[in-house]
Structures are given as C-alpha cells and as structure tokens.
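A short worksheet on the structure shown next.
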Amino acid sequence: DIGKIKISNVDAAAMAGLLFRKKIDAAAFLVTNQEFLDRQASRFGEHVVALRYADYGLEIYGQCIAASEHSIATHADVLKRFLRATFKARLYALGNPEKTVSIHTHAYPEIDPADALFSLKAVLPYLFNQVTDKSGLGNFDLQRVKTTYEIVAQAQGLPTTGSYLDVIDTSLLPARP
C-alpha cells in the first residue's frame with residue numbers, strides 16, 4: 001500500500017549508508033549493485049535483499065538506448081557506428097570479462113580491478129539472457145515493448161494515445177555477426 005510508505009528524497013551517495021544504518025527501510029538501486037551492496041552491508045552486520053520486479057511478474061525492458069528523432073534523421077551514420085561499437089563491446093565483454101576489465105582499469109587506474117570484474121559479472125546476465133536469446137541483441141520482443149510502454153506511461157502519467165510501436169526504431173541496427 002503506497003499510502004503506508006514514507007518516501008524520502010536523499011542524495012544518492014547517502015542511500016547505502018542510510019540503509020545499512022536502518023535509517024530507511026529500502027532504497028532504489030540497480031539490481032546489479034545488490035551483491036556489492038551486500039558486501040558493504042555485512043560490515044554493519046546487515047544483509048541486503050534485492051526486490052526484483054521480474055520476480056513479481058513485471059516483464060518489461062529495463063534498459064534501452066534512446067535517441068531523438070532529430071538525431072536519427074541527421075546523425076544516422078554516427079548512431080549506426082555507436083550501436084555497432086556498443087554491441088561489439090558487449091559481445092567481447094561476454095566472452096572476455098577479465099581482458100575487458102584489464103582494458104577498462106588500464107584507462108581508469110583508480111578503479112579496483114576486482115570490483116570492476118565483480119560489477120561486470122553482475123551486469124552480464126542482464127545484457128545476455130532468455131530475452132536476448134529469443135529476440136537477439138538489439139532486437140525487440142513486441143509484447144514486452146507493449147507492456148513496457150503501458151506500464152511506463154501509467155507510472156509517469158503520460159498519455160497512451162500513440163502506438164507502442166512509435167517508440168522503437170530498428171532501422172539503425174547493425175548486421176548480426
């Protein structure tokens with residue numbers, strides 16, 4: 001019951017500490033942070049439990065790459081190259097997580113390699129899973145798009161007068177390997 005929940009807006013950097021010290025009962029984080037947060041919570045004798053929407057039947061897209069219609073019309077070549085590079089990098093990371101982390105931490109030496117590998121391994125199942133197995137990387141399951149569109153529109157108080165098909169454009173997707 002949303003009426004029984006007190007919502008507090010706090011600085012994102014403070015949320016974990018407030019949660020660990022039981023100043024708040026829950027906080028919104030990406031599910032890929034759950035194991036990392038749980039390691040931190042253990043320092044306070046606490047345990048973090050993720051409440052994944054999908055575990056409660058919500059089958060929507062959690063991430064997408066968005067571009068304005070203007071950008072698609074005027075910078076199609078740049079966007080095509082961006083998508084090709086993004087997909088190539090994700091596929092490389094899937095097959096070479098340790099090398100991916102090595103490249104990343106070479107560019108950003110302030111990042112702990114163990115933490116980077118931990119984070120990468122946490123995110124990979126959300127990039128490659130039964131949805132991408134079925135539809136293909138970058139492609140869409142139209143029922144999932146429809147459900148996502150309806151739920152987001154309702155949650156944000158947006159009109160649903162358009163078609164859910166109006167929010168996707170696959171014209172710039174690269175050829176599959």
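Residue count for the range 10-28, restricted to those that are open to solvent by less than 70 Å² (accessible area, probe 1.4 Å) and part of a loop (DSSP other than H, G, I, E, B): 3. Checking each residue in the range 122-134 for being open to solvent by 60 Å² or more (accessible area, probe 1.4 Å) and in contact with an Asp or Glu (Cβ under 9 Å, 6 or more places away or on another chain) picks out only Lys134.
Consider Leu137 carefully, then state whether it is under 16 Å from the mean Cα position of the chain (by Cα), part of a helix (DSSP H, G or I) and surrounded by 12 or more Cβ atoms within 10 Å (Cβ to Cβ). When the stated conditions are applied, Leu137 does not pass them. In summary, Leu173 fulfils each of the numbered conditions (1) part of a helix (DSSP H, G or I); (2) closer than 23 Å to Arg81 by Cα with the single exception of condition (1). Restricting the search to helices (runs of 4 or more DSSP H) fully inside the range 46-112 and requiring at least 2 residues that are open to solvent by 70 Å² or more (accessible area, probe 1.4 Å), touching a residue at least 60 places away in the same chain (Cβ under 8 Å) and in contact with a Ser or Thr (Cβ under 9 Å, 6 or more places away or on another chain) gives an empty result. So for the range 41-50 (the condition being under 23 Å from Thr132 (Cβ atoms) and acidic (Asp, Glu)), does at least one residue qualify? Scanning the range 41-50, I find no residue that is under 23 Å from Thr132 (Cβ atoms) and acidic (Asp, Glu), so the answer is no. Against the list (1) closer than 25 Å to Tyr164 by Cα; (2) free of Cβ contacts under 8 Å to residues at least 24 places away in the same chain, the condition Phe128 fails is (2).
Residues being free of Cβ contacts under 8 Å to residues at least 40 places away in the same chain and in contact with a Phe, Trp or Tyr (Cβ under 8 Å, 6 or more places away or on another chain): count how many of those fall in the range 17-45. Number of matching residues: 7.
Residue by residue, here is whether (1) among the basic types (Lys, Arg); (2) at pLDDT 90 or above; (3) under 14 Å from the mean Cα position of the chain (by Cα); (4) closer than 30 Å to Leu83 by Cα holds:
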{"position": "Ala26", "(1), (2), (3), (4)": "no, yes, no, no"}
{"position": "Asn33", "(1), (2), (3), (4)": "no, no, yes, yes"}
{"position": "Phe36", "(1), (2), (3), (4)": "no, no, no, yes"}
{"position": "Ala41", "(1), (2), (3), (4)": "no, yes, no, no"}
{"position": "Val48", "(1), (2), (3), (4)": "no, yes, no, no"}
{"position": "Ala54", "(1), (2), (3), (4)": "no, no, yes, yes"}
{"position": "Ile60", "(1), (2), (3), (4)": "no, yes, yes, yes"}
{"position": "Gln63", "(1), (2), (3), (4)": "no, no, yes, yes"}
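Listed conditions (1) surrounded by 15 or more Cβ atoms within 10 Å (Cβ to Cβ); (2) on the phi > 0 side of the Ramachandran plot are all met by Gly157, apart from (1).
Against the conditions (1) of a type in the set (D, E, K, R); (2) surrounded by 11 or more Cβ atoms within 10 Å (Cβ to Cβ); (3) over 17 Å from Leu124 (Cα atoms); (4) at pLDDT below 90, Asp1 satisfies every one except (2).
The values are calculated or read from the model by the stated rules, or taken from the named source; none is laboratory data. Remember, predicted model here, so these are calculated numbers, not experimental data. Every residue, glycine as well, gets a Cβ built from its backbone with ideal geometry; the counts of neighbours run over all protein chains shown. Remember, those area values only see protein heavy atoms, side chains included, never the ligands or the DNA or RNA. Shrake-Rupley method; radii C 1.70, N 1.55, O 1.52, S 1.80 Å.
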